[in-house]
Amino acid sequence: MSWSTLRTYADRTHHGKEEDILFRDLAAKTLSPHDQRVMDELVEEHKYGRSLVAKLVQARQDYVQGQEDALPRTLEQLGALVAFYPEHIVKEDKDFFPNSERYLSAEEQESMLQEFWQFDQRMIHEKYRRTVADLREQLQP
């Protein structure tokens, strides 16, 4: 997996759909105290995950530039990601997502799926525009 793919998927696509669509729609509902707490925790965990990815990308850039401490920092961030994501995903998949379905009608769920699809389409275009811009920057003397 490339570094930009990690950022695009984790930071924007996965977390973005949850925050920009699912959490937005659920914020208009009266959630149980447990579900509200878990949703709030997931938002904070997304911030933490973005922070880890940003530190990992920075460590990689530092490594490319020859900074000696970059490799241990890279390994540290990778270790933190490996420790973080399995628990985060279990919380989403086994607790929050199944519970969240009961707050949404079948029509709301179908509408949300359509919005997810549109979100994915925008992300694909955004990713490739960024790829082209990066390549142009690399090719300029």
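Just so it is clear, none of the values below were taken in a lab; they were calculated from the coordinates. Computed from a predicted structure; not experimentally measured. Because the Cβ atoms are built from the backbone with ideal geometry, glycine has one as well, and the counts that use them run over all protein chains shown.
Assorted remarks:
- Counting only Cβ charges, +1 for Lys and Arg and -1 for Asp and Glu, the dipole size of segment 3-139 around its Cα centre is about 480 debye.
- Temperature 25 °C, viscosity 0.890 mPa s: under these conditions the Stokes-Einstein estimate for the chain, based on its Kirkwood radius over C-alpha pairs, is 144 µm² per second.
- Taking 0.36 nm per residue of separation and subtracting the Cα-Cα distance, full extension of the segment from Glu101 to Arg129 would add 6.6 nm.
- Taken one residue at a time, the phi angles of segment 22-39 give Karplus couplings (6.51, -1.76, 1.60, θ = phi - 60°) of 4, 5, 4, 5, 6, 5, 7, 9, 8, 8, 5, x, 4, 5, 5, 4, 5, 4 Hz. Gly and Pro are set to x.
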